1. Report the rotationally averaged projected area of region 173-320 based on its alpha-carbon convex hull, in square nanometres.
2. Given the whole protein assembly as supplied and a 1.4 Å probe, what does the accessible area of Lys268 come to in Å², nearest 10?
3. Considering only protein heavy atoms, with the full assembly of protein chains and a 1.4 angstrom probe, order Arg189, Arg295 by accessible area, largest first.
4. Hey, any idea what % of region 1-73's accessible area is carbon plus sulfur with a 1.4 Å probe?
5. Which trypsin sites (Lys or Arg not before Pro) in region 89-161 pass both tests, a DSSP loop state and at most 12 other beta-carbon atoms within 10 Å?
6. Could you state how much accessible area Leu281 has, in square angstrom rounded to the nearest 10, with a 1.4 Å probe and all protein chains kept in place?
7. Taking Cα pairs under 8 Å and at least six residues apart, what relative contact order does the chain come out at, in percent?
8. Could you give me the radius of gyration and the Dmax of region 66-127, taking only the C-alpha atoms into account and expressing both in angstrom?
Amino acid sequence: MGWWLVNADTLAGGRFVVSPLAEVTASLKTLERGSAAHPGERVWLDTYRPAYRARLAADPAAPLLVRIGLCRSWNADFLTPTPAGDGGQSFEEELAWIRRTPPAAARADLAFSLGGGPLPAELERDDLPRLAAALLEWVWTETVLPEWPRRRRVIEADIVARTEQLGRGGWAAALDTLRPEMRWLGEGRLQINARDHPPREISGAQLLFVPVTPRTGWVSWDEPHRYAAVYPCAGALAEPAAAQVPEALGALLGPVRATVLVLLDTPKSTTQLVALTGQALGSVGRHLKILLDARLIHRRRAGRSVLYYRTDAGEALVGAQRE
């Protein structure tokens, strides 16, 4: 298996960060794969994949760049740079890292992803970093940016949920649910996948966890400073259909209050609801109080958080509108 050796200080300093570039790279992988993880993603694919295929057809090197660099067992390192530790970079600032890649390094990364041997003749060129940046910029502008506010709310809600899980159950509970093959093995060992790779000593480095809304993930590093694990948001948060409000319920309760009630199919904190709805904290708080007074939701304390969830009456109300 592949695992990282992490000391207590590195683990304690681990943090969750938002990376627009990671979201775009994950979306590019989804566009190339063409399979959807949920109905909302299918709608997105049906909308944008024809234009994506046309975009690839404009340059014979582009399809090879994607398939070799991002769709094999090892990503080309220059295509998946590790986010900055504060997670505050814009997409343009992150994309600049790819543009600055020396052409020889880009070709070497692609050759490693290919498994050795010569690259296809179409990739023996000096503008690969520029080509990759242009393609990622197209994916951002044409397919991700139009819905980035919603995606960012989902990502931020996932970070809140993971942080609360961390507070309740420690790092073992939080890490074991991030990615299918990731496990906390104890004794400072973090399994990152089930492949036969030698362990990496990362004690003293910054450990980052990067959520994305597509169902994919990878690891990256900027040795010896930063190591990152990119992981898919929790399914209930990444699924847009989970927050679809029946028209009659919205008319009865008001659209925002109905959305809050629908979102409480699983316990959520006020902070998560703020991230998912885009409403201000005070607004969400008022809607929660009204729903509590109407006995449509309950609340309970979990560690330092207060979680809200639907009562039987709330379940019946939502369920009746979906029949």
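The values are calculated or read from the model by the stated rules, or taken from the named source; none is laboratory data. All of these numbers come straight from a predicted model, not from anything done at the bench. Backbone-built Cβ (ideal geometry, glycine too); neighbour counts: all protein chains shown. Heavy atoms of the whole protein, side chains included, go into the accessibility calculation; ligands, DNA and RNA do not. Shrake-Rupley method; radii C 1.70, N 1.55, O 1.52, S 1.80 Å.
1. Average projection, Cα convex hull of region 173-320: 11.3 nm².
2. 10
3. Details: Arg189 70, Arg295 180 Å².
Solvent-accessible surface, decreasing: Arg295, Arg189.
4. Numbers: 1630 of 2910 Å².
Its accessible area is 56 percent carbon and sulfur atoms.
5. Values: sites: Arg99, Arg100, Arg107, Arg125, Arg130, Arg150, Arg151, Arg152, Arg153; in loops: Arg100, Arg125.
Sites meeting the loop and neighbour criteria: Arg100.
6. Surface open to solvent at Leu281 totals about 110 Å².
7. Once normalised by length, the contact order is 23 percent.
8. Cα radius of gyration and Dmax of region 66-127 are 12.7, 39 Å respectively.
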